[in-house]
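Heads up: the structure comes next, in structure tokens.
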Amino acid sequence: MSRIENEALFLRIVNQYGIGPKLLYHEKNKLVCEFVKGEFILDYFVKNKKYKIKKVIRDLFKQLYTLDQLKINKEEMSHPQKHILIGKKNNPVLIDFERCRYSIKPSNVTQFCDFLISKHLATILKNNNLKIDNKKMIDAAKQYKKQQNKNNFNNIISLI
């Protein structure tokens with residue numbers, strides 16, 4: 001299956017859950033999606049206030065939890081700088097689904113946890129008076145990895 005066909009397949013699925021840009025059209029060598037006007041996540045974090053950043057992070061986690069529940073692994077959530085746009089009304093949009101695959105143990109939520117506690121992002125968040133306790137996040141992510149349920153997911157969300 002080509003990358004275009006793979007992206008179209010997964011966009012059809014995730015669009016049903018309000019995730020990703022809307023797939024408008026697809027054929028063998030062409031894929032057309034709605035245009036998402038927005039800025040990349042790190043640029044957004046640098047320019048915005050703590051309460052907006054927290055909302056975006058929580059909204060992203062909800063989308064990633066949905067992907068985990070669907071057994072879809074997006075693959076890029078440890079380094080999602082170019083894979084998340086923040087659009088109108090501070091809504092995060094996941095883009096670039098060509099590398100998606102089904103997985104028995106998807107790791108979207110845990111990969112995003114890794115991203116949130118990375119040194120580069122910690123500096124940006126600190127400048128916005130937002131501190132994430134690395135040890136607690138690691139412990140919560142480990143628990144979630146063992147059992148991907150709503151309770152363990154909520155434990156991660158509570159750390160934001």
Degrees separating the helix 134-146 axis from the principal Cα axis of the chain, which is the longest one: 50 degrees
Heavy atoms of residue 32 accessible to a 1.4 Å probe, total area in Å² rounded to 10: 60 Å²
Accessible area in square angstrom per residue, segment 1-110, 1.4 angstrom probe: 55 Å²
Whole-number D in µm²/s for the chain (Stokes-Einstein; Kirkwood sum over Cα pairs; 37 °C, 0.692 mPa s): 204 µm²/s
Whole-angstrom gap from segment 25-56 to segment 123-146, using each part's C-alpha centre: 22 Å
Relative contact order of segment 1-84, defined on C-alpha pairs under 8 angstrom at six or more residues apart (%): 23 percent
Cleavage-rule hits, chymotrypsin sites (Phe, Trp or Tyr not before Pro), segment 1-81, DSSP coil, Cβ neighbours within 10 Å at most 12: 35
Leading residue at positive end of dipole, segment 1-137 (Cβ point charges), from 42, 70, 1: 42
Tilt relative to the chain, helix 50-69 - C-alpha long axis, 0 to 90 degrees, to 10: 50 degrees
Sparse-neighbour loop sites [trypsin sites (Lys or Arg not before Pro); segment 50-157; at most 11 other C-beta within 10 Å; DSSP]: 131
Cα-projected label distance for residue 82 with residue 131, points at 7 Å along beta-carbon direction, nm: 3.4 nm
Portion, in percent, of the accessible area of the chain that falls on carbon or sulfur, probe 1.4 Å: 52 percent
Structure-based [θ]222 nm, the chain - -39500 (n - 2.57) summed over DSSP H runs of at least 4, per residue, nearest 500: -15000 deg cm²/dmol
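The values are calculated or read from the model by the stated rules, or taken from the named source; none is laboratory data. Keep in mind that this is a model prediction, so the values were computed, not measured. Cβ atoms come from the backbone with ideal geometry, glycine included; neighbour counts cover every protein chain shown. For the accessible areas, the whole protein counts, side chains as well, though only heavy atoms, and no ligand, DNA or RNA atoms are used. Shrake-Rupley method; radii C 1.70, N 1.55, O 1.52, S 1.80 Å.
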